[in-house]
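Structure first, commentary second.
The values are calculated or read from the model by the stated rules, or taken from the named source; none is laboratory data. Worth saying up front: this structure is predicted, and the values here are computed from it rather than measured. Reconstructed Cβ throughout: ideal geometry from the backbone, glycine too, with neighbour counts over all protein chains shown.
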Amino acid sequence: MSDACRITIQVQPKSSQNKVTRFEDGVVYVKITAPPVKGKANQELIKYLSSILGISKSSINIEKGETSKRKLVSIQGLTQDEVNAIIETQLNKSGKNNPKQGKLKLD
C-alpha cells in the first residue's frame, strides 16, 4: 500500500454540479453542490473525490481546513502519479486544462 499523497483543494460550495474546474498555483479547484453547513460540503467533497478516484471514502481525509474553502486532503491507496492522471483527466473532460500550468504537484 502506498503512503498518502496530499493535494490542496479550493472548494466552491453551492454549485450547480460537482466538478474539477482548474489547477492553478498548486491548488486544485473543485465545485461542490452541497452548502457549507454542518460539514455537508466536506462530506460531498469526500464523496465526489472517492467517486472520481475510484477509492473508498475512508481512504480520503481532510487534514487541514475543515471550516475553510481551502483544504489539505490526504489520499490513501493511490500514488501521486495516479491521482495526477485522474485530476488531469477530469480537467480535460471539462475543457479547462491549460498546458502552461504544468504537472499537478502533490506532496
Worksheet item: Of all residues in region 1-39 being part of a strand (DSSP E or B) and polar (S, T, N, Q), which is farthest from Lys64 (Cα to Cα)?
Response: Thr21
Worksheet item: Just to be sure, is Ile55 at pLDDT 95 or above, touching a helix residue (DSSP H, G or I) at 6+ places or on another chain (Cβ under 6 Å) and of a type in the set (A, V, I, L, M, F, W, C)?
Response: no
Practice prompt. Could you list, in sequence order, all residues of region 23-39 that are surrounded by 15 or more Cβ atoms within 10 Å (Cβ to Cβ) and either among the small types (Gly, Ala, Ser) or free of Cβ contacts under 8 Å to residues at least 12 places away in the same chain (or both)?
Written response: Ala34
Worksheet item: Looking at Glu44, is it closer than 21 Å to Asp3 by Cβ, of a type outside the set (A, V, I, L, M) and either at pLDDT 95 or above or surrounded by 16 or more Cβ atoms within 10 Å (Cβ to Cβ) (or both)?
Response: no
Fill in: When residues of region 4-35 are limited to those that are of a type in the set (D, E, K, R) and under 10 Å from the mean Cα position of the chain (by Cα), the one nearest to Asn92 (Cα to Cα)
Lys19
Worksheet entry | Residues of region 40-50 classified as among the hydroxyl-bearing types (Ser, Thr, Tyr) and in contact (Cβ under 8 Å) with a residue 12 or more places away in the chain, total | 1
